[in-house]
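To start, the structure itself, in structure tokens.
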Amino acid sequence: MMRPPILFFSGVEIKNNAAGTGSSSSCAAATRLGAGGFLTHSHGRSLNDTVYATGTTESSPIPIGTVTALANSSGLDAAFITLSDDAAASNYIPGANRLIAAYGSVEVGDNVTLYAKYGPKTGQVIALDRVYYLDNIRDSNGQLIPLSGISVNYYADLGDSGGCIVLTNDTQTLVGMQSSRSSVDDDSDPDTPDLQFSTFVSAPLFLNALNATLFN
Amino acid sequence: MKRSHSLSFFSVLLSLLLTLSLFSGFSYFIIEKSDDYETDSTKSITIDPDFTNLSIYNDQVSYLGDSFAGRYVDENGVTILVTKSAPEEKVTSFKNSYPKFTVREVTNSLQELQTIKNLIVSEMTSNPSRGIASVYTDIVHNKVVVDIINLDFSKETSFRQQVSNSPTLEIRSVDSYDEATYTIFFWC
């Protein structure tokens, strides 16, 4: 069936809090329970946390939305940010904007491309079922919460979290959202660079866990 | 002349309708087109583009059962992994049913790999002091990969004695847990 493309974009940069301790990419516009907002990582966020606009300073914070759903209890590093009624979002990360027409899953070996703050990165899917820890995702007792994601052999930059991941040969199909990166020591051979890779969250899984629908 | 007026009228009407439709549903969303986004208005939209593949995948898993060891894609297409212990007639029948897929024999079934992986996940959550940072099944190399923080001989020996000494394990050393890929900076 032919339908017009779904009108939503990726590539919005957001700040994590007003104190200036971080900023991220944002995956895509979406709706949840009838409200408009964005998909991004959850990292250390809690429900009802405020998210601020890029450029916000501690002395003049500009809130743009609130965390209204987290998927980390399902083992997924994803959150839904409901935009404030008076907030506006635009896409301005150079090179990061993509028109997303659909979402889908990946297989081991698929080529995928990350679009986020620091330019596109392309890699191959290594594993679909990586279970990992992020030091800053813990429960109320301070215990680490295990997360699950898809391992890929590109190395994301800091600031790429929340960026959207698409199939390289079909850049309109969303398959995931950037979460973390890691490196493996290989001291046995100093001339060989350490293995470096990243982990992203599966799009079908986090959309389902957040009860979110792509914006259309 | 009359035709030109009609076209102008419809153009204005169409513009108005488009503007109204954009701002009525999501008045607080201001979505700006950038020069660098890609679009293809003729593309056919399928919400679950992998549905057909998923169906084939489920058929293959169901047919091979305990002999199924995973699948992956590469430049030659899709490779299906089956265990060496799989009945020969079953593998032959499978190859005849899926002639476009490459079939490769490996030692461990996917179920065996996942059992070991689940054991390690359980240890990872119940005993964080062991420093297990991550674990996954490496389908292509038919093994389970475990990353342990600051792995040394003592930690590896302890892991193999107390958690699993499976020959399918690859244990690697990492400096820390995964790094969240958001920027951290402080105001001066």
Being part of a strand (DSSP E or B) and within 11 Å of another protein chain (Cβ to nearest Cβ) is the filter; apply it to the range A:204-216 and report the residue that is farthest from A:LEU33 (Cα to Cα). A:LEU214
Within the range A:79-90, considering residues that are outside any strand (DSSP E or B) and touching a Gly at 6+ places or on another chain (Cβ under 9 Å), the one modelled with the highest pLDDT: A:SER84
So for the range B:144-166 (the condition being of a type in the set (S, T, N, Q) and within 30 Å of A:THR168 (Cβ to Cβ)), does at least one residue qualify? no
Of the residues in the range A:167-188 that are touching a residue at least 12 places away in the same chain (Cβ under 8 Å) and over 21 Å from A:ASP157 (Cα atoms), the one that is surrounded by the fewest Cβ atoms within 10 Å (Cβ to Cβ) is A:ASN169
If I ask for residues that are open to solvent by 30 Å² or more (accessible area, probe 1.4 Å), assigned to a loop (DSSP other than H, G, I, E, B) and either closer than 20 Å to B:ASP175 by Cα or facing chain B (nearest Cβ under 7 Å) (or both), which ones from the range A:127-164 would you list? A:ASP135, A:ASN136, A:GLN143, A:ILE145, A:PRO146, A:ASN153, A:TYR155, A:ASP157, A:LEU158
Among the candidates B:GLU88, B:GLU105, B:GLU123, B:GLU112, which residue alone is loosely packed, with under 11 Cβ neighbours inside 10 Å and among the charged types (D, E, K, R)? B:GLU88
Looking at this structure, is B:LYS143 modelled with pLDDT of 95 or more, out of contact with any helix residue (DSSP H, G or I) (no Cβ under 7 Å at 6 or more places or on another chain), of a type in the set (Lys, Arg) and surrounded by 13 or more Cβ atoms within 10 Å (Cβ to Cβ)? yes
Number of the condition not met by A:ALA69 [criteria: (1) at pLDDT below 75; (2) not in a loop (DSSP other than H, G, I, E, B)]: (1)
Could you tell me whether any residue of the range A:54-61 is modelled with pLDDT under 70, out of contact with any Cys (no Cβ under 6 Å at 6 or more places or on another chain) and facing chain B (nearest Cβ under 9 Å)? yes
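A quick yes/no check of all residues on (1) modelled with pLDDT under 80; (2) polar (S, T, N, Q); (3) part of a loop (DSSP other than H, G, I, E, B):
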| position | (1), (2), (3) |
| --- | --- |
| A:MET2 | yes, no, yes |
| A:ALA19 | yes, no, yes |
| A:SER25 | yes, yes, no |
| A:HIS43 | no, no, yes |
| A:TYR92 | yes, no, yes |
| A:VAL106 | no, no, yes |
Checking A:VAL201 against (1) more than 9 Å from every other protein chain (Cβ to nearest Cβ); (2) out of contact with any Asp or Glu (no Cβ under 7 Å at 6 or more places or on another chain); (3) in a strand (DSSP E or B), which single condition isn't satisfied? (2)
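The values are calculated or read from the model by the stated rules, or taken from the named source; none is laboratory data. Just so we're clear, the structure is a prediction, and the values are computed from it rather than from any experiment. Every residue, glycine among them, receives a Cβ derived from its backbone with ideal geometry; neighbour counts consider all protein chains shown. Keep in mind that these areas ignore ligands, DNA and RNA; they rest on the heavy atoms of the full protein, side chains included. Shrake-Rupley method; radii C 1.70, N 1.55, O 1.52, S 1.80 Å.
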